[in-house]
Amino acid sequence: MAPQFNIVSSADASSIRSACKEHGLTEEEFNELHKRCVAAKSTAYCPYSQFRVGSSILSVDGVYFNGANVENASYPVGTCAERVAFGKAVTEGHRMIKAVAVATDISPPASPCGMCRQFIREFCDLKAPIIMFDKDDNYTIVHLEALLPLSFGPEALPPPGSRPLV
């Protein structure tokens, strides 16, 4: 049985305040992530699926990066919104991400795909909040750990140069 998540209206200020406190965000950070991921949807290139996704991530340094899904006629070559945003952050030197937000045009909110979950894991703490907004701006928030239990992360690998090359 799939886990059930609490879906909340983004018009409920007291719930936002409570969620922000629980997940280590300010209300301003939450609202900015919301605004940016919804706006990023409009830049999606999705002529095949017509499934727009926008993402915004917040680095621990307080810098936001946005992304949208980019499809390709050769379907596996497409890139998800989350990985676009993370690619921007990483290439600009921001490798520690505090929070991730995703917006879609469906309800209930959609979560990041499995590949994105693993990609997010590389740059986020397992307690990082993943905020998912639906078409009506309702949202749910879960820790990355809930989306990717028993995950494999960079700490599982030996440090570079610690093993001799064979």
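The values are calculated or read from the model by the stated rules, or taken from the named source; none is laboratory data. Computed from a predicted model, the values in this text were never measured in an experiment. Note: ideal-geometry Cβ built from the backbone for every residue, glycine included; neighbour counts use all protein chains shown. Surface areas here come from the heavy atoms of the whole protein model, side chains and all, with no ligands, DNA or RNA. Shrake-Rupley method; radii C 1.70, N 1.55, O 1.52, S 1.80 Å.
Assorted remarks:
- Among the DSSP helices (H) of the chain, none spans at least 27 angstrom by Cα along its long axis with an average Kyte-Doolittle hydropathy of -0.5 or more; this is a geometric and hydropathy rule only.
- Think of a 1.4 Å ball rolled over the protein heavy atoms: the chain then has 56 Å² of accessible area per residue.
- Dipole axis of the chain (+1 Lys, Arg; -1 Asp, Glu on Cβ), positive-most option in 151, 50, 111: 151
- Ranking 90, 101, 166 by Cα position along the charge dipole of the chain, where only Lys, Arg, Asp and Glu carry charges on their C-beta atoms, puts 166 farthest toward the positive end.
- Shape category assigned to the stretch 66-133 from the gyration tensor of Cα positions, a/c cut at 1.5: oblate
- Extension gain for residue 92-residue 156 works out to 20.5 nm (0.36 nm per residue, less the C-alpha to C-alpha distance).
- Alpha carbon centroid spacing (whole Å) that separates the stretch 1-69 from the stretch 128-152: 9 Å
- Carbon plus sulfur fraction of accessible area for the chain, probe 1.4 Å, in percent: 57 percent
- The stretch between residue 49 and residue 11 holds 10.7 nm of extra length on full extension. This uses 0.36 nm per residue minus the Cα-Cα distance.
- Distance between the 7 Å Cα→Cβ label points at residue 166 and residue 143: 3.7 nm.
- Given charges at beta-carbon only (K, R positive; D, E negative), |dipole| of the chain in Debye: 360 debye
- Dipole magnitude of the stretch 100-166, debye to nearest 20 (Cβ charges: Lys/Arg +1, Asp/Glu -1, about Cα centre): 340 debye
- Bins of 5 Å, starting at 0 and running to the largest distance - Cα pair percent for the stretch 1-55: 4, 16, 18, 18, 17, 15, 8, 3
- Plainly put, the chain has a radius of gyration that is 0.99 times its Kirkwood radius, both from alpha-carbon atoms, as the Rg/Rh ratio.
- Applying both filters, DSSP loop and at most 13 other Cβ atoms within 10 Å, to the chymotrypsin sites (Phe, Trp or Tyr not before Pro) of the stretch 81-166 gives 152.
- Selection of trypsin sites (Lys or Arg not before Pro), the stretch 5-88, meeting DSSP coil and at most 15 other Cβ within 10 Å: none
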